[in-house]
1. Tell me which residues, restricted to the range B:146-178, are hydroxyl-bearing (Ser, Thr, Tyr) and modelled with pLDDT of 95 or more.
2. Just checking, which of B:Ser74, B:Ser88 is in a loop (DSSP other than H, G, I, E, B) and either within 28 Å of B:His323 (Cα to Cα) or modelled with pLDDT of 90 or more (or both)?
3. Taking the stated definitions as given, is B:Val132 within 21 Å of the chain's Cα centre (by Cα), of a type in the set (A, V, I, L, M) and either within 14 Å of chain A (Cβ to nearest Cβ) or within 21 Å of B:Phe327 (Cβ to Cβ) (or both)?
4. Quick check on the range A:255-264. Is at least one of its residues exposed (fewer than 15 other Cβ atoms within 10 Å of the Cβ), of a type in the set (Gly, Ala, Ser), part of a helix (DSSP H, G or I) and modelled with pLDDT under 85?
5. Which members of the range B:301-339 meet the condition of being assigned to a loop (DSSP other than H, G, I, E, B) and within 20 Å of the chain's Cα centre (by Cα)?
6. Run B:Val382 past the list (1) at pLDDT 50 or above; (2) at the interface with another protein chain (Cβ under 10 Å from one of its Cβ atoms); (3) crowded, with 21+ Cβ neighbours inside 10 Å; (4) over 22 Å from B:Gly14 (Cα atoms) and report the number of the one that doesn't hold.
7. Working carefully through the options B:Trp264, B:Trp235, find the one that is without any contact (Cβ under 8 Å) to a residue 24 or more places away in the chain, more than 19 Å from B:Ser315 (Cβ to Cβ) and among the hydrophobic types (A, V, I, L, M, F, W, C).
8. B:Gln16: under 14 Å from B:Ile109 (Cα atoms) and modelled with pLDDT under 95, yes or no?
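The values are calculated or read from the model by the stated rules, or taken from the named source; none is laboratory data. Bear in mind the structure is a predicted one, so any value in this text is a computation, not a measurement. Quick reminder, even Gly has a Cβ in these numbers, built from the backbone with ideal geometry, and neighbours come from all protein chains shown.
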Amino acid sequence: MKNLKSIYFNNLIQDFWKKRKIILCFMVVCAALFAFLSVKRAQTVRELTQEQIEEIEEYHEKIEEYDKTIADAEKSLELVNQQIDELQKYVDQSIYMKLDGQNIQTAAVQYGVTTEANVGNILNALVLYINEGGLKEALSEEYPDLAVESWREVIAPSITANLLNITIIHYDEEQLKQIFELVKTRVKEQVPEIAKVEGGFSLDEIDSSIYTKADVGVTNNQNNHLNNLKGYISNRVDLENKLISQQNNKKNYIEKSEPEVMEARQIHPVMQTIAYIIVGMLFGIILPALIFILNYILSDRIRSKEDLRNANLNVIGSYHEKKGYAPALERSMMDLEILARNRQLSSIFLNVMGEDEINKKVAADYAEAIGRAGFQAETGFHVYEEAEELKKMADSKACVLFAQVGKNTYAQLEQQLRLCERFQVRVLGCVIIG
Amino acid sequence: MGKINDYFRNPQMGEQLFFAGYILFLWRSVWVTTMFPLSGLMTMVCVPLAALFLGLKILLYDHYPVKQFLLLASALLCVCLVFLSSGSINPFFWMLLVAASRDVKFEKILKVYLAVNIAVIFLAFCAAGLDVIENLQYETEKRGTRNSFGIIYPTDFGAHIFFLFLVFFYLKGEALRWYHYVITMAAAGLVYYFCNARLDSGCTLILAILFAVGNGITHARSVSMRLKMGWEWLWRKAGMWVMALLAAFSVLMTVMYQADNAVWQELDKIISSRLRLGHDGIEEYGWTLFGQAIKMVGNGGSTTLPSDYSFIDCSYMYMLLRHGVGFLVLMVVIFTICCYKNRHDLYFLYAVALVSVNCVIAHHIIQVEYNPFALALLAQCVRRPEGAWSLGQLRWRRSGRNCVTVQR
């Protein structure tokens, strides 16, 4: 579907070109305005006053202070987080923290050492083996359920004369038994290894027992650990609050106290002015162009014969007050004559939209030329409103439309075309006036 | 007195009043999205004056059937309640524009939209290129440098490009040629490369593909009639429901979002935390009928990113939380009626479907500087339904049964 009216950019540019002097003036004004803005801006950024320098220094110092405090708080927070993680892991996973102070599963074994070598050295070596040595070696993978990494707290070896006592505490009886057997086996296996260094000896189990005991000390220790954890968490909250408060203070300070100009910029005044002038010129072109385009879009008045031609309407001629007929009236008449003869017409109706003097003159000229060509010509100025004129047009079977640029609207033109359609009158073409 | 009466009777005057208000409002709205300084005077003059012109157009030139009048009055009452409840004036202006566009040619509205948008965006682009205004550049770890080209944020520049192409494609319709599609795809690529605006470059690309496929199916001679009819039937039946479905889908997804679920987290990550922010918004503020005052802190206008970012980008969620359930329903109904009214116009259905998809992620649904399609509600259709009397079809076609009476 083709609309009667749209924007024809060639015509728009032609119109634009006709108004070039006004547009040029506007461009110069815009360019000057932007050049002025450029100078104003350049002055504010090229040189700083002593007061501005002091303001900027003070601003930077304050920001640095905030940054330092924030960095310290972040570092402390990181440390506290690490400590909390470790402590939390200990509380959650260690055997000791799971003990019930009133119901501690306990296993004890007593060994006697018989030797001619140094008893003290042998017993020390055994204690070392249990506490720090290879007792736990490779057990983590083999017995993941036994929490081997936290045995240090629950296996306690002690020495009396030539006796070695080992006490193990646990919250679960089954696991306690398992650990107890493992410890005994491993200690026995270690005897030949120590004997190689310290001299021969024998390690004989004197007694072993498994029982339940209560120990307030365990509960106290557990509470101490939990209190430590609470302390760290409370410390973390304080640090987080401090961090947020410092960040907010910094943000508020920036919002309120940031100097308008932060540094003297190395600008090239000429280049900047040129850039501003170019933008000013662009404003000077774009704004009038926009007004032209909007005018084209919004105005419903016929603008030019080119617009009608672009809409596939047969424009047989035009008349301008100063330039006269284009093409010449005779040339337009040739078209009209051929069209009329092809359709075997005897009369042509001149449908003129508007009764201005110029319209009457053009219509009279055409009527005279049509008469000279041997056709009858009738003229009507109010075809839509007056029945007599409409009847004459219908009788003629063909008409030429006369529209005035800048005065008649596309809606009127459509109305006339619709009327011709309804009464089966052929529109031979249009003549554009003005 | 007679002359004054003539003015009131002349529908042209009404149209001119509408465009005076529309152009003022549009100019100011597009200007706000650029880095050009905005004087308070401009807002003080443009906005009330635009409202005055639009109000006068409605009061002096528009005549409504009773049913339509009651519906429109209800809609205006709804936006007034939204204003009272949430303090947001945007729905009121949007509704005012929709109401005032009655009997105005939608084609003209879109052409004015294109002219004003292109002019302001082109000026901002050039001014940013010449360092007269700031070209905001955001350095990101994963997405490189994102340029705004004189607009307040890279995604806003991308959105301008997408909506400009959308309106242009809609107006062109069947007159689109292969080079239009190629240029649009190239523009989508450039927006992605320079702005990294994934949504808008993606939508621009889909726009080119959808219109190309649509035109290919409906106008190519080699395509079977069955496929053509199927395509048209599908769009005419389903096209008008796209926005309603996507609105429901967006709200549902946001409500169902689970912060501790890995799948939801991954999905949320892909759409830049839209789900999480929406979900947090619902939990913090809840739903109201006519909206509430919510402080939205978003990016844009400066390269310093706010530490307390909380902006709901999804248009449907934004409308729901900020302007209330009532306005969300009203908005979706308006777009659905627009689609129903233009159901003969496949290009309109394509356009609204693309807008609906875009607005799942972006917040431009009632911003007329981006999305002007709601104005089609009361405006004259760009394309007439088949079978309806059409001057253009009768007059300008050179051959066929409805033969031209104008001779060449």
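1. B:Tyr170
2. Numbers: B:Ser74 fails: in a loop (DSSP other than H, G, I, E, B).
Exactly one residue qualifies, and that residue is B:Ser88.
3. Numbers: within 21 Å of the chain's Cα centre (by Cα): no; of a type in the set (A, V, I, L, M): yes; either within 14 Å of chain A (Cβ to nearest Cβ) or within 21 Å of B:Phe327 (Cβ to Cβ) (or both): yes.
For B:Val132, the condition - within 21 Å of the chain's Cα centre (by Cα), of a type in the set (A, V, I, L, M) and either within 14 Å of chain A (Cβ to nearest Cβ) or within 21 Å of B:Phe327 (Cβ to Cβ) (or both) - is not met.
4. yes
5. Taking the range B:301-339 and keeping what is assigned to a loop (DSSP other than H, G, I, E, B), we get B:301-309, B:311-314.
Correct list: B:Phe311, B:Ile312, B:Asp313, B:Cys314.
6. In the conditions (1) at pLDDT 50 or above; (2) at the interface with another protein chain (Cβ under 10 Å from one of its Cβ atoms); (3) crowded, with 21+ Cβ neighbours inside 10 Å; (4) over 22 Å from B:Gly14 (Cα atoms), B:Val382 misses (4) alone.
7. Numbers: B:Trp235 fails: without any contact (Cβ under 8 Å) to a residue 24 or more places away in the chain.
So the residue among B:Trp264, B:Trp235 that is without any contact (Cβ under 8 Å) to a residue 24 or more places away in the chain, more than 19 Å from B:Ser315 (Cβ to Cβ) and among the hydrophobic types (A, V, I, L, M, F, W, C) is B:Trp264.
8. On the way: under 14 Å from B:Ile109 (Cα atoms): yes; modelled with pLDDT under 95: yes.
Yes.
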